[in-house]
């Protein structure tokens, strides 16, 4: 189980969190102006990286706030966490 | 190739089984192939076999980063069934199940298909309505399916706790009698041996590091053993598809997750069918060695590490012990994870890509093993003819822009 540092509540077990996938996806301002391919790309296409990956987590059983985590998807090592819109802070580095 | 038969078995027994020939060659890669298949799992090997057999294309190489059948092919829980809800998926999986039924004869290799019946349990009234809907859909599509109440399930599987006093009581189940299990290593080895006999080069320890293109057309693959020219390239690398596709500048709607399974110590025959439960997410069968083979769910987060969190296993085992109190004192011998590529609609992507000559077969998620022969068959057709077979046409990459998704989430008898 991962040990994830919530930027508000501190280190907690993964079971308190829910996963939100790739971070940094920005909803297009005017979806109607997009082609089907562009809208499909926004909805479904993902980097699915092996290695360093910035992703969203929600502290569902805690403060219920969303934040970003930088995690290596091959080793599960967490490199940092950040509040949405802020730069990465060093979080814990535990993997489990 | 030495044909396997009762006579070859006796002959080799007399020589103390020391003279069995190698089942496939280990050739050096040639400079050029008509088709290069990336990924030596069941799907890739089956594709190579059907390319050679059905379409007469035998200048084919299967490139495998490590050893064949060592990824998700050798890590699944071996369940074979075709009771999917939607017409598109039930047609594809049923065609695959029909190929399974004659696969041992076809390959002259015992894939140990055991059609012992697959139960999908219902625990709530909504579960039962969903099961009923799916059973009717299956029967309309010519797939055998039955709906049983708790008492009938208990008669088939006496060790199942069908009392009403558990947290999620068993209210009934769907049963597909033609479903069951196969031997996953044997499927990879059988296809490898049969493909090799038809001239396919199976090249292990050969990692693809790049996909070379000219004018929007694929020209070959860079590998750890040099450049290999190819007229067509087919990806069959399951959990690693996003990484390979990115080499050709293609974005895919996949997320790779760890999926775990485990086996118990071997015990005498106690469970004669496959029992799956969507609601409490656990599934179990008993292998010929006597081990209980138990599947858990995927970890919520993505991951390529081929290992998952213990909490996921704990959840599956809690459900298992409640359903089968008799298992509560069994010890578990081994636990592992594979990497599965999950698609937003829990259905595969099987067809062409924006790069001419590059094909993709991925997104099977947690359900790829059962489809091995069928997937290989339609993929070979697609690669050989440059257009999809009617069976895999609905599973194109374009569906993620047209919106024609095939939503098998949960509907496919078990949550993906």
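Computed from the coordinates by the stated procedures, all read-outs in this text should not be read as laboratory data. Note that the structure is a prediction, hence the values are computed from the model and not measured. When we count neighbours, we look across all protein chains shown, and the Cβ atoms used for this are built from the backbone with ideal geometry, even at glycine.
Points worth noting:
- Translational D in µm²/s for region B:35-175 (Stokes-Einstein at 20 °C, 1.002 mPa s, Kirkwood Rh from C-alpha pairs): 121
- Label point at residue B:110 placed 7 Å out along Cα→Cβ; residues across region B:12-54 whose backbone nitrogen lies under 20 Å: B:12-24
- Sorted largest first, the spans of the alpha carbon positions of region B:229-278 along the three principal axes are 52, 25, 18 Å.
- Percent antiparallel among DSSP beta bridges (both partners in the protein assembly as shown, rounded to 5): 75
- Measuring how big the protein assembly as shown is from its alpha-carbon positions, Rg and Dmax come out at 23.3, 76 Å.
- Order by protection proxy (mean Cβ within 10 Å, highest first), peptides B:4-16, B:87-99: B:87-99, B:4-16
- Across all directions, the shadow cast by the convex hull of chain B built on its C-alpha atoms averages 20.2 square nanometres.
- C-alpha long axis of helix B:184-197 to longest principal axis of chain B, angle in °: 20
- Normalised by the number of residues in chain B, the mean separation of alpha-carbon contacts (under 8 Å, six or more apart) gives a relative contact order of 23 percent.
- Highest average packing first - B:398-409, B:71-82, Cβ atoms within 10 Å: B:71-82, B:398-409
- Where the alpha-carbon atoms of region B:190-234 are placed on the principal axes, they occupy 37, 19, 12 Å, in descending order.
- Shape summary of chain A, radius of gyration then Dmax from alpha carbon positions: 14.7, 45 Å.
- Packing rank of B:256-263, A:64-71, where each peptide gets the mean count of other beta carbons within 10 Å, highest leading: B:256-263, A:64-71
- Sites residue A:66 and residue B:136 - FRET efficiency at Förster radius 60 Å, r taken between beta-carbons, to 0.05: 0.90
- Reducing region B:363-382 and region B:262-282 to their Cα centroids gives an inter-centroid distance of 25 Å.
- Cα-based equivalent ellipsoid, region B:254-347: semi-axes from gyration tensor eigenvalues, Å: 24, 13, 12
- Computed over region B:1-95, the ratio Rg/Rh where both radii use C-alpha atoms and Rh is Kirkwood: 1.06
- Average beta-carbon neighbours from other chains, 10 Å sphere, peptide B:303-314: 4
- Ellipticity estimate at 222 nm from DSSP helix runs (n ≥ 4, -39,500 (n - 2.57)) divided over chain B, nearest 500: -8500 deg cm²/dmol
- Using just its DSSP H runs of length 4 or more, each adding -39500 (n - 2.57), chain A gives a mean residue ellipticity at 222 nm of -2500 deg cm²/dmol after division by all residues.
- Summary of the geometry: region B:106-134 and region B:345-362, compared by the centres of their Cα atoms, lie 27 Å apart.
- C-alpha long axis of helix B:125-140 to longest principal axis of chain B, angle in °: 50
- Sorted from longest to shortest, the spans of the Cα atoms of region B:98-227 along the three principal axes equal 63, 37, 31 Å.
- Degrees separating the helix B:310-323 axis from the principal Cα axis of chain B, which is the longest one: 40
- Shape metrics for region B:303-384, restricted to C-alpha atoms - Rg then Dmax, Å: 18.0, 56
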